[in-house]
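Readers should treat all values here as calculations from the given coordinates under stated rules, not as data from a laboratory. Source: prediction; values computed, not measured. With ideal geometry, Cβ positions are generated from the backbone for all residues, glycine too; neighbour counts draw on all protein chains shown.
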């Protein structure tokens, strides 16, 4: 019965934003409401869960150290303030920032560096630069979605990149560069692919040079965006705890089932899934399969990954629009990566 309830909530998290414009336009509050109801129905409320939900948006957990007070909310806020102060200079670059080659190079550079600078910083930089680009909304949205895929993949290589990689290395009791050995080939393929996709998808679009209203950032919007990010991460922390039994139910299955199950990360916190399923007993092939799945499926929807939340919030990309742009490229990539990791090639010794 418990698993059935969790499946029902998963369906609701996807179906209601598609069915209702009001829900789609208030996605953070919707996820917060569903999270509170799910935690109440599931009887999982505790002081520990509340503490985690309050801290996750403003602190990063480092195994062996504890919570470090440098979180997603502060990064989004500080990036917004910095770009607000630089708005005059960036406005002069608006035309160059709209070029397909420039945006493809940005996606490549931020994707490759996101493990070092963190996914949050990389996504915040891309979001602000896209906001200033002199291009129509749809043009920017394409670059945002492909950029989110690249950043989400690139950040997995080192524990500095995102909570997923930090938790995985800690749970596996491995060294700092362990995930480089496990995922380097997959990550490089994904980042390069999405950079190329950015270029060709934008080059095919018309109207990038058309008259577009100059972007004028508002200070109140900078603070409002940071607040929305806080609410979103708070809600995803609660939902991640609620879905833990569902993740535990598939923990003993093979790498094929783990790869398919990773698609749940489209609406569930991938760090929680890693914390639940990954452990020292997990075979390297199963780990590689599961993490690859999370890296791609996390890009399917707005709440699937932190870069998505940051970019969608900054550029006002709705749930439906994100799906419309992300799934046509994401599902074929998810399928191809599954064949690559599961059937065609064994895990190569990279380092």
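For residue 340 and residue 173 in the same chain, what is the full-extension length gain: residue separation times 0.36 nm, less their Cα-Cα distance, in nm?
57.5 nm
Each residue, residue 116 and residue 70, gets one label point 7 Å from its Cα in the Cβ direction; the gap between the two is 1.4 nm.
Find the percent of Cα-Cα distances in region 221-261 that exceed 12 Å, and round it to a whole number. Mind showing how you got there, number by number?
On the way: 555 of 820 pairs.
Result: 68 percent of Cα pairs exceed 12 Å.
Helix 2-19 axis versus longest C-alpha principal axis of the chain: approximately 10°, rounded to the nearest ten.
Which of the peptides 115-127, 235-247, 316-328, 77-89 is most tightly packed, and how do the rest follow, judged by the mean count of other Cβ atoms within 10 Å per residue? Walk me through the numbers before you get to the answer.
On the way: 115-127: 24.9, 235-247: 23.0, 316-328: 17.8, 77-89: 15.5.
My ranking of the peptides, most packed first, is 115-127, 235-247, 316-328, 77-89.
In region 238-303, the inverse of the mean reciprocal separation of distinct Cα atoms equals 11.5 Å; this is its Kirkwood hydrodynamic radius. Determine Rg/Rh for region 119-205; Rg is computed over alpha-carbon atoms and Rh is the Kirkwood hydrodynamic estimate from the same atoms. Ratio of gyration radius to Kirkwood radius: 1.07. Calculated FRET efficiency, residue 25 to residue 78, Cβ-Cβ distance, R0 = 35 Å: about 0.85 to the nearest 0.05. Its Kirkwood hydrodynamic radius, worked out from the mean inverse distance over all distinct Cα pairs, puts region 231-345 at 14.5 Å.
Cα gyration tensor of region 1-89, axes a ≥ b ≥ c as square roots of the eigenvalues: rounded (a/c below 1.5), prolate (a/b > b/c) or oblate? Display every interim value, and only then the final one.
Working: a/c = 3.35, a/b = 1.35, b/c = 2.48.
Oblate is the answer for region 1-89, as a/c is 1.5 or above yet b/c matches or exceeds a/b.
Considering just Cα atoms, how many Å³ per residue does the convex hull of the chain enclose?
Details: hull volume 45.2 nm³, N = 351.
In the chain, the Cα hull volume divided by residue count equals 129 Å³.
Note on residue 18/residue 249: beta-carbon distance plugged into 1/(1 + (r/R0)^6) with R0 of 35 Å gives a FRET efficiency of 0.85.
Look at 181, 269 and count the other Cβ atoms within 10 Å of each Cβ; fewest to most, that gives 181, 269. Within region 214-244, whose backbone N sits under 19 Å from a point 7 Å along Cα→Cβ of residue 44? The answer is 231-244.
Report the FRET efficiency, 1/(1 + (r/R0)^6), for residue 8 and residue 85, where r is their Cβ-Cβ distance and R0 is 45 Å, rounded to 0.05.
On the way: r = 47 Å, r/R0 = 1.04.
Efficiency, from the Cβ-Cβ distance: 0.45.
Convex hull volume per residue, computed on the Cα atoms of region 1-157, equals 156 Å³.
I want to verify the translational diffusion coefficient of region 153-286 in µm²/s; compute it with Stokes-Einstein, Rh as the Kirkwood radius over Cα pairs, at 20 °C and 1.002 mPa s. If you can, show how the numbers build up before the last one.
On the way: Rh = 17.8 Å.
After rounding, the answer is 121 µm²/s.
A straight line joining the Cα centroids of region 129-156 and region 83-107 runs 12 Å.
Take every Cα pair under 8 Å whose residues are at least 6 apart in sequence, average their separation, divide by the length of the chain, and the relative contact order is 23 percent. Spin-label model, residue 105 to residue 324: label points 7 Å out along the Cα-to-beta-carbon direction sit 3.1 nm apart.
Compared with the direct C-alpha span, the chain from residue 220 to residue 54 gains 57.5 nm at full extension, assuming 0.36 nm per residue.
Peptides 300-309, 161-170, ordered by how many other C-beta atoms sit within 10 Å of their residues on average, highest first, read 300-309, 161-170.
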